[in-house]
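These notes concern the structure reproduced below.
The values are calculated or read from the model by the stated rules, or taken from the named source; none is laboratory data. Note that the structure is a prediction, hence the values are computed from the model and not measured. Every residue, glycine among them, receives a Cβ derived from its backbone with ideal geometry; neighbour counts consider all protein chains shown. To get the accessible areas, we keep the full protein, side chains included, count just its heavy atoms, and leave off ligands, DNA and RNA. Shrake-Rupley method; radii C 1.70, N 1.55, O 1.52, S 1.80 Å.
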Amino acid sequence: MKILGSGHYVPKNIVTNDDLSKIVDTNDEWISSRTGISTRYISSGEGVSDLASKAALLALEDANISASEIDMILVATMTPDSMLPNNASIIQKNIGAINATCFDINAACSGFLFALNTAHAYLSSGMCKTILIIGAETLSKIVDWTDRSSCVLFGDGAGAMVVTADDSKSFYSVSGSDGSKGHVLTGGSTLLKNMLVNKEETNILTDNYYMHMDGQEVFKFAVTKVPECINKVLEKASLTADDIDYYILHQANVRIISSVAKRLGVSPEKLPVNLNKYGNTSAATIPILFDELRKDGTLDNAKYIVFSGFGGGLTWGASLIEL
Ligand code: UT7
């Protein structure tokens, strides 16, 4: 698999830590020192498919291919505009990718990584030739804006990547899930509501619609699982941690990223960070960061990069790709 191009798009509204201190009991010092986040972009109306379509058009332009050459669109999101149609199909219509098969994938913050692995499987089987992968979220619609422990962390945005089949490039992946720990990060539930359910409930949104997170549990999980799966993927590829030019990690907390660098024994410069600007955009963090590094020239001389994601499910994984 070879990466042909990338793009990203975020809504125009910047929300600072000081802005949040006006709606919940928090302050810039706490948020910056505990998370590394200074600002995030929040949509005032654009949905996931709007953000994703703009990121997708930029990725097609970067890849120098037309929308009709795309034979699959995979959208990783846990905040779709609708269940029907799926968001990949809405994006297909928006960008005119008339020859694409379209579906969404939900693996929370690991979503983009799982979509990348899915794309690789379709390409290696010969079922597809060129795939558009998107990670896009409007987390602001499921964030509980009265919960200071979680609302300060998240942002909205979209990142896209165009990949094509190429036998000459190495690709290795490791991934996993642990449903027994799903309760540490939840949200988006809706009630079963039909003529057989004896409930006077009229609101289909349950208490569990808004995001709830046991931050410390997720933190502990991330700092152990991420280095573990990165080491496994390195072993599969017969490479060492030093052979990798950049580790593009899910952007949740700068302390998680520093801890992973330490555990891998590599310089923190190999683990770039942009969560100070965007916050945690879940499935969109990895493709947004990749696009920034590609466009600012950081990846110009890079040979191997590792993507690693982790989050709700619980889910995790690492994929090593040769550029
Ligand atoms: O994408 C994957 C999903 N998410 C993650 O990866 C997040 C992983 N977890 C984390 O990043 C961190 O656990 C958090 C940033 C969420 C929290 O940091 P922490 O160092 O684990 O803080 P804490 O939850 O232990 O809270 C420490 C204190 C508490 O006060 P007391 O009990 O010590 O008096 C909290 O009530 O900080 C308080 N606190 C806040 N204070 C000001 C919690 N949130 C805030 C806030 N502003 N926004």
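So here's what we get for this one:
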| quantity | calculated |
| --- | --- |
| Some residue of the stretch 264-279 being within 16 Å of the ligand (Cβ to nearest atom), more than 25 Å from THR138 (Cβ to Cβ) and within 18 Å of the chain's Cα centre (by Cα) | yes |
| Residues located in the stretch 230-289, provided they are over 27 Å from ALA59 (Cα atoms) and polar (S, T, N, Q) | ASN231, SER238, THR240, SER258, SER259, SER267 |
| The stretch 98-110 residues that are open to solvent by 20 Å² or more (accessible area, probe 1.4 Å), paired with ones that are within 16 Å of the ligand (Cβ to nearest atom) and in a strand (DSSP E or B) (beta carbon under 8 Å, 6 or more apart) | ASP104/ALA76; ILE105/ALA76; ASN106/ALA76 |
| Qualifying residue in the stretch 119-135 (condition: without any contact (Cβ under 8 Å) to a residue 60 or more places away in the chain, part of a strand (DSSP E or B) and open to solvent by less than 60 Å² (accessible area, probe 1.4 Å)) | no |
| Residue match in the stretch 78-88 (condition: within 15 Å of the ligand (Cβ to nearest atom) and surrounded by 18 or more Cβ atoms within 10 Å (Cβ to Cβ)) | yes |
| Total residues in the stretch 271-306, condition open to solvent by less than 10 Å² (accessible area, probe 1.4 Å), outside any loop (DSSP other than H, G, I, E, B) and closer than 14 Å to ALA160 by Cα | 10 |
| When residues of the stretch 114-141 are limited to those that are touching a Phe, Trp or Tyr at 6+ places or on another chain (Cβ under 6 Å) and under 23 Å from HIS8 (Cα atoms), the one nearest to the ligand (Cβ to nearest atom) | LEU139 |
| Residue check, PHE154 open to solvent by 30 Å² or more (accessible area, probe 1.4 Å) and on the phi < 0 side of the Ramachandran plot | no |
| Yes/no for GLU29 being more than 30 Å from SER82 (Cα to Cα) and open to solvent by 50 Å² or more (accessible area, probe 1.4 Å) | yes |
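Residue by residue, here is whether (1) open to solvent by 30 Å² or more (accessible area, probe 1.4 Å); (2) away from the ligand (no atom under 13 Å from the Cβ); (3) touching a residue at least 60 places away in the same chain (Cβ under 8 Å) holds:
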{"position": "PHE219", "(1), (2), (3)": "yes, no, no"}
{"position": "VAL223", "(1), (2), (3)": "no, no, no"}
{"position": "VAL226", "(1), (2), (3)": "no, no, yes"}
{"position": "ASN231", "(1), (2), (3)": "yes, yes, no"}
{"position": "SER238", "(1), (2), (3)": "yes, yes, no"}
{"position": "ILE248", "(1), (2), (3)": "no, yes, yes"}
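A quick yes/no check of all residues on (1) assigned to a helix (DSSP H, G or I); (2) under 21 Å from the mean Cα position of the chain (by Cα):
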{"residue": "LEU4", "(1), (2)": "no, yes"}
{"residue": "HIS8", "(1), (2)": "no, yes"}
{"residue": "LYS12", "(1), (2)": "no, yes"}
{"residue": "VAL15", "(1), (2)": "no, yes"}
{"residue": "ASP19", "(1), (2)": "yes, no"}
{"residue": "VAL24", "(1), (2)": "no, no"}
{"residue": "TRP30", "(1), (2)": "yes, no"}
{"residue": "ILE37", "(1), (2)": "no, yes"}
{"residue": "SER44", "(1), (2)": "no, yes"}
